[in-house]
1. Below 8 Å between Cα atoms, with a sequence gap of 6+, how large is the relative contact order for the chain in percent?
2. Only one of the listed values, [x] 16.1; [y] 17.3; [z] 13.4, was derived from the coordinates as Kirkwood radius over Cα pairs in Å; which label is it?
3. Compute the accessible area per residue over the chain, keeping the other protein chains in place, probe 1.4 Å, unit Å².
4. Ignoring ligands, DNA and RNA, please state the percent of accessible area on the chain from carbon and sulfur, probe 1.4 Å.
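The values are calculated or read from the model by the stated rules, or taken from the named source; none is laboratory data. Not measured: the values here are computed from a predicted model. Note: accessible area is taken over every heavy atom of the protein model, side chains too, but ligands, DNA and RNA are not part of it. Shrake-Rupley method; radii C 1.70, N 1.55, O 1.52, S 1.80 Å.
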Amino acid sequence: MLAGVHRGITQQIEPGEAVSGNPYRDCAGTPLPTNWYEAALAFERSAFVGEYLGADFQQLFATTRRAELRAFDNQVTPLEYDWYLTAG
């Protein structure tokens, strides 16, 4: 976020109009990711991120986010337990 703010200020980029409504659906341009996997992929592929934070950090951060996501995905939630593992 701070890199984006810095870029906007130093390059005098106009932020445009505020988004009202659902920012995932109603924003102009590229839609925002709606899950961790898509967000990590967008972060990893971003030329802006590589420029501001460095390619090594970019790769490491995306890799660790995917590892966290795998750890979360390997957990059985109480809802899944109730739906699939208890007699209904």
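1. Once normalised by length, the contact order is 18 percent.
2. Computed from these coordinates, Kirkwood radius over Cα pairs in Å corresponds to label [x].
3. Value for the chain: 85 Å² per residue.
4. The nonpolar share, carbon plus sulfur, comes to 59 percent.
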